[in-house]
Every structure is written in structure tokens, then in C-alpha cells.
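The values are calculated or read from the model by the stated rules, or taken from the named source; none is laboratory data. Computed from a predicted model, the values in this text were never measured in an experiment. With ideal geometry, Cβ positions are generated from the backbone for all residues, glycine too; neighbour counts draw on all protein chains shown. Accessible surface is based on the protein model in full, side chains and every heavy atom, while ligands, DNA and RNA are left aside. Shrake-Rupley method; radii C 1.70, N 1.55, O 1.52, S 1.80 Å.
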Amino acid sequence: MSEHNVHREVTELESKSATAARLFDVRRIIGGLFVVYGVIVTLAGITASDADLDKAEGVNINLWTGLGMLALGVFFLGWLWLRPLKQAPVPPEEPTVE
Amino acid sequence: MRIPPYLAEQPPTSLAAELRLPTNWLDYTILAIYFVVVLGIGFAARRSVKTSLDFFLSGRSLPAWVTGLAFVSANLAATEILGMAANSAQYGAYTVHWYWVGAIPAMVFLGLVMMPFYYGSKVRSVPEFLLLRFDKGAHLLSSALFAFAAVLIAGVNLYALAIVVEALLGWPQWVAIVVAGFFVLAYITLGGLSSAIYNEVLQFFVILAALIPITVLSLKKVGGWDGLTDSLTKAHGADFVTAWGGTGIGDANPLGANWLTIVLGLGFVLSFGYWTTNFAEVQRALSAKNLSAAQRTPLIAAFPKIFIVFLVMIPGLAAAVLVPKIGTSGSDLQYNDAIPYLMEQLLPNGVLGIAVTGLLAAFMAGMAANISSFNTVFTSDIWAKYVVRDREDEYYVRFGRLITAIGVLASIGTAFLASSFSNIMSYLQTLFSFFNVPMFVVFIIGMFWRRASMKSGFWGLLAGTTAAMINYFVLYKQGIVDIPSDQGANFVSAIAGFVAGAVVMVAVSLFTAPKPEEALQGLVYGTRSPGMAEPPAEGDDAWYRKPALLGWGAVILAAACYVPFSF
């Protein structure tokens, strides 16, 4: 069990790996979730009651947090839109015979 | 994550019952959306799993910012968040040491010095590196201990989650354990490491969205930073808000440690042991797409790590002002209650839901990091090397999914055990954390000293672990040497384990055969493996992607952060 075995085995697996080609882009998930959360929390901020404001030291914390989350979500979606992943070549289905 | 004693307060085993949060439908909607997204990531990542390398290491193909945020997130488990806030309420600004001296130098060392050997040798796990550098003895010992500890710590995380959820939301403990266990099981079995990492990245941002409002509001409530430090100085003395006050050798301070044990024990031995050899962390870097990205993984993680301390320390300090008797018999609140208390007092519905979601997400990610590293070590280091060898790759993917399920079930079992033996559990946790330190000795000597022999790895590991345990459980617990606190004892145990491991390694090396020179290529300093020769990818030569610049930048920034806390 030498270094070369591990090295060769992993190199061979790397050539068959499907992650690069098939894994979705996490920016879409972060962007999507934070836009949804941002909208929900911002709405809670717009409709905040006096009790809510008093509890949070007079700060409309839902509004500010919601807007912040919305901005982060939009940032990730914008980044995704401007710099989409370059599609890696799909690896061959059959391993090449060595 | 593994919780080394230097990071862990006791798991929050006793949250006060009156901390029930006033959650409503809005908060539960936010929580439900998160659970749906978590499962969705698992299903969507499933189609990317074709080989065992995809399942265990994301096919070594992720970009650096993703692995970097996952790296910091795997450490940012809820036990760390609650524990470090507790630490601040109890000891004050000393907490910054766990970040600036106790994390950043080690993370930078991992990225700049060690990563070329880890990533370049194409090993799939930390124990596998020991196999190549030393022999099967060191490999099997480290794999078995790691696998056992990972399941145990996943269980302790699950148990801590159940207690917090019971106190805050009123769910029975078994419901919380089964629900969280099920979701972790589902998303890791489906999508493997990719889905664990993606969830960690998501968790990172949700945690920030939870902690920032708590920090801002609690600071406002105590009258800003000046109001905070004034109140604390009045109540606890000036040292409470400084990093180094009262840490002279011979001085008494609540931490029970002086500047030397802080720098050597925490900053060098414990922290290097944790950050550079704990596979639950290193695995994130090994899944990066090339050597440059792997090197940048801990370096990118270092920058948020420098500033996260403020988000846990300020709420902890504020809680010490708002509840002056916190943690003493004069109050129902424990130190661990600091953040839940502030959530209850300050957050209206909406942000409250985000905070609850962030806390639950952090518990689940802490467990998932352990499970996803456990299944890798158990499958590729134990099963595929010693039990069922040379089967086709699909077999190991199937086995990896099966062992994930077994690992989750085992940690659910551990969690139920922990609820009846929580003292034993915290002992066991301390015990396993000693294992990181000797592991670091073995690595550092193995990487820098060619002569270190094949047998020396196993014996160094064994001797170091034993010495640390003897110091802690015999010398300290039996009162043979006098150390003022558990934390202080941990620092000394770590130093003892380090020295014993190093001495035994050198002694064994002098009397046993060295590893043949050609088998050391790419494993010791001054050699190169073929994997390290690959040319940098397009765009990696940009100045802001230079590992040296990022690494030294982080060290300088951390040092600069000390300035306002030192005078």
C-alpha cells in the first residue's frame, strides 16, 4: 500500500467524478432562501406593532434585518447572473482502459 | 465538529425553564422553510454522486469560497456559540484568545505549510496521510479513535440540541433528537459531503443573520460599548474587559492560566492540534478543486473567524451586565443561557424565528460535520483497507450510505445515553480531545523530520495521548498538582501530551528503521509529489488569491485586533 496506489486510485476516481459537472450552484440556494427570508422579515418589520418596537429597544429590528437579508440574497443572485459557472466537460461514462 | 476542551464549556445541560421563547406561526414558518431547503439540497445534490470520491470528498471539485465558509461553519456549531458566549459572561474579554491566538495562527499554518502535503499527496483523510507517512499501526489507531470520537461527539451535539430545544420551544427531548437526526441522515445519505458542505455554507449566513441583531440590540440595551465596559469594570474590575490583564505568571485570574500557558497551551498545542489534524475540518479543504483552492480554504475561513468573536462575546458580556448574578446561585440563569436569554428579551417575532433557525441549523451542522467525516474514515480507512478490500467503487458508495445511516442511529443512541450519563459524556469528550494534540506532534515531526521512523508514529500517538490523560485524570483530578481551573488543566495536559509524544517519537526513531526515501516523496518537507506540480488554474494568480498574502494578512489583522484590548 504505497503512496503510488493512493495517488493512482484517487487520480482515476477524479477522472470519473461527476460532482463538477452535475452539482448545482450553491449561490442559487443562498440567494433564493435569503430573498424569501428577507421579504418575510421585512414585511414583519413594516407591520411591526408598538410592542415589537419596545421589545427591541425602539429599533425596528425586523425591518433592518429583513432588508439586510434581502440585500444579501440579491447579491448572490446577481453574482450568479453575472458570473455563471463555466460548465465543466461531462466526464466519459466508461473509464478508459489503462 | 469535535469540541476540544479549550472550546467547550460543558454542553448546555441545564437551560433555565423560564426561557421559553414567545414563538408564533411566523417563526415556525421560517423554521419550516429552512427544513424544506435542507432536504431539497440533499435531493438536488444526489445526482452529482457517482463515485466514492464524489460521496466522500465532493470529487475534489469545489471552489475555495465554498469550502472556506464550510470550514468556518463546521467549527461554528451551536455548542461553540452558546459556549463562547458563556465563556465571555464568566471570564470576560479573555474569550478573544480562543480566536485570535487560539485559531488564526493554526489556520494559517494549515493553509500555507501543511496543505501542500495533504492535498498534493491526494490522501482522502487525515488517517490516510499517517498510513503513507508511517505505517498501519498509526493508521488504524488514529482511524478507530477518530471514528469512535466522531459518533460520540455527534451524539453529544444532538443531546445538547434536544436540551436547548426543550427549554426554548417546549418540544420533548426525544422529538428533537429524532427530528434532527432524521434530517441529517437524509441529506448526507442523499448528497454526501457536497450536501453537508452546501448546508454549512447556508448555515454560515443564517447564523450571521441571527447573531448580528442580537449583538446590536444587546449593545444598545447596555448603553453602547462604553456603557458596557464601564458597567463591567465597576462590577468585575478592569481586567474583565482586557485580553491580557491579570495573566502575568503567578497572578491569580478566573481563567486559571497565565500568558505562557495561553500562548503555548492554547495558541500552539491545542489549537494546532484541533485545526490542523481534525479531519472534520481538514475534510472541507480536501474537497477543494485544486491545490490553490485547498490552501485558501482555511485562509478564507480565518477572516470571518477573526470577527465572529465579537458576535458571541458582546452578547455574553451584555448578559453579564443585565443579569449581574448570572451563573451563580443568586440567579436561575446559567452562563450558557446568555444568548437564549437575550433572544427572549430582545427579539420580536420574525427575527426570533431567524435566530431559532440559526441555532437549530448550527446544531445540525455540528452533528453533520462529524457524521460526514465519520463515514469517510470508516469506509475508506477502516472498511476498504482492512475488512472488504478491492471491491468495485459502487460498492463503497453503497457502503458509505449504509454506514452514514448506522452512524446517525448510533449517535441518536449516544444522545439518549448522554441524557442519563451526561457527566460521563463530558469526561469522554475531554478524553478524546486529548487525542488531537499527540496527533499534531506526530504530524509535525513526520512532516519535518525525514528520519522519523515508520514505527514512531504509532508510539508517539499512544504515548502523547496517555500522557495527556494521565495529567488530566490523575495529576489534576486527584489533586496531585494544583491547577486552579479545568481550562487551565486542559492547557497543561495539552503541553504534557505534546512533549511526551515528541520525546517518544524521537526515541523510537533512533532505534527503528526509517521509511525508505522514495516512499516519502510529497510527504515530508523538501520533497514534492507529482500532484503538487500541477500548474495554477486560470485566474488563481490574481494578487488577492495568493495564499501567502491572505495568510499573513489574517495574522496581522488578528494581531492588530489585540491592540485595543491590551491597554
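Here are the numbers for the structure shown:
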read-out: Residues of segment B:193-223 that turn out to be open to solvent by 10 Å² or more (accessible area, probe 1.4 Å), more than 23 Å from B:VAL37 (Cβ to Cβ) and at the interface with another protein chain (Cβ under 9 Å from one of its Cβ atoms), as a count; value: 3
read-out: Elements of type helices (runs of 4 or more DSSP H) in segment B:224-321, at least 1 residues being at pLDDT 85 or above and basic (Lys, Arg); value: B:224-236, B:279-286
read-out: Residue match in segment A:22-31 (condition: closer than 30 Å to B:LEU523 by Cα and open to solvent by less than 30 Å² (accessible area, probe 1.4 Å)); value: no
read-out: Search result, residues across segment B:121-130 that are open to solvent by less than 10 Å² (accessible area, probe 1.4 Å) and at pLDDT 90 or above; value: B:VAL123, B:SER125, B:VAL126, B:PRO127, B:GLU128, B:PHE129, B:LEU130
read-out: Members of segment B:134-162 that are among the aliphatic types (A, V, I, L, M), over 17 Å from B:ALA410 (Cα atoms) and either open to solvent by 10 Å² or more (accessible area, probe 1.4 Å) or without any contact (Cβ under 8 Å) to a residue 60 or more places away in the chain (or both); value: B:LEU140, B:LEU141
read-out: Enumeration of residues in segment B:341-373 that are within 14 Å of chain A (Cβ to nearest Cβ), closer than 19 Å to B:LEU202 by Cβ and open to solvent by 10 Å² or more (accessible area, probe 1.4 Å); value: B:VAL356
read-out: Filtered residues of segment B:324-333 (kept if closer than 18 Å to B:LEU346 by Cα and either surrounded by 20 or more Cβ atoms within 10 Å (Cβ to Cβ) or among the basic types (Lys, Arg) (or both)); value: B:ILE326, B:LEU333
read-out: Any hit, segment B:445-457, residues being at pLDDT 90 or above, open to solvent by less than 30 Å² (accessible area, probe 1.4 Å) and not in a helix (DSSP H, G or I); value: yes
read-out: Residue ranges of helices (runs of 4 or more DSSP H) in segment B:13-120 with at least 2 members away from chain A (no Cβ under 14 Å), over 17 Å from B:SER271 (Cα atoms) and open to solvent by less than 10 Å² (accessible area, probe 1.4 Å); value: B:78-91
read-out: B:VAL263 vs. criteria surrounded by fewer than 24 Cβ atoms within 10 Å (Cβ to Cβ), β-branched (Val, Ile, Thr) and touching a residue at least 24 places away in the same chain (Cβ under 8 Å); value: yes
read-out: Options B:ILE495, B:ILE470; residue that is more than 30 Å from B:GLY245 (Cα to Cα) and either among the hydroxyl-bearing types (Ser, Thr, Tyr) or more than 14 Å from chain A (Cβ to nearest Cβ) (or both); value: B:ILE470
read-out: Qualifying residue in segment B:296-315 (condition: within 14 Å of another protein chain (Cβ to nearest Cβ), touching a Phe, Trp or Tyr at 6+ places or on another chain (Cβ under 7 Å) and open to solvent by 10 Å² or more (accessible area, probe 1.4 Å)); value: no
read-out: Criterion violated by A:HIS7 - all others in (1) closer than 17 Å to B:SER194 by Cβ; (2) open to solvent by 20 Å² or more (accessible area, probe 1.4 Å); (3) not polar (S, T, N, Q) satisfied; value: (1)
read-out: Residue within segment B:355-375 that is of a type in the set (S, T, N, Q), closer than 24 Å to A:GLU57 by Cβ and in a helix (DSSP H, G or I) present; value: yes
read-out: Residue list for segment B:275-307, filter: within 17 Å of B:MET447 (Cβ to Cβ) and of a type in the set (Ser, Thr, Tyr); value: B:THR276, B:THR277
read-out: Count of residues meeting criterion [under 17 Å from B:ALA144 (Cβ atoms), of a type in the set (Val, Ile, Thr) and assigned to a helix (DSSP H, G or I)] in segment B:386-414; value: 4
read-out: Output for segment B:18-33, where each listed residue is in contact (Cβ under 8 Å) with a residue 60 or more places away in the chain and either among the acidic types (Asp, Glu) or farther than 16 Å from A:GLY66 by Cβ (or both); value: B:GLU18, B:LEU19, B:ARG20, B:LEU21, B:PRO22, B:THR23, B:ASN24, B:ASP27, B:TYR28, B:LEU31
read-out: Residue that is within 30 Å of B:ALA106 (Cα to Cα) and open to solvent by 30 Å² or more (accessible area, probe 1.4 Å), where the choices are B:ASP230, B:ASP239; value: B:ASP239
read-out: Tally of residues being more than 23 Å from B:LEU131 (Cβ to Cβ) and either in a helix (DSSP H, G or I) or at pLDDT 85 or above (or both) across segment B:477-499; value: 12
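This table checks each residue for (1) touching a residue at least 60 places away in the same chain (Cβ under 8 Å); (2) part of a helix (DSSP H, G or I); (3) at the interface with another protein chain (Cβ under 9 Å from one of its Cβ atoms); (4) under 23 Å from the mean Cα position of the chain (by Cα).
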{"residue": "A:VAL6", "(1), (2), (3), (4)": "no, yes, yes, no"}
{"residue": "A:ALA20", "(1), (2), (3), (4)": "yes, yes, yes, yes"}
{"residue": "A:PHE24", "(1), (2), (3), (4)": "no, no, yes, yes"}
{"residue": "A:PHE34", "(1), (2), (3), (4)": "no, yes, yes, yes"}
{"residue": "A:LEU43", "(1), (2), (3), (4)": "no, yes, yes, no"}
{"residue": "A:ALA48", "(1), (2), (3), (4)": "no, no, yes, no"}
{"residue": "A:LEU53", "(1), (2), (3), (4)": "no, yes, yes, no"}
{"residue": "A:THR65", "(1), (2), (3), (4)": "no, yes, yes, yes"}
{"residue": "A:LEU72", "(1), (2), (3), (4)": "no, yes, yes, yes"}
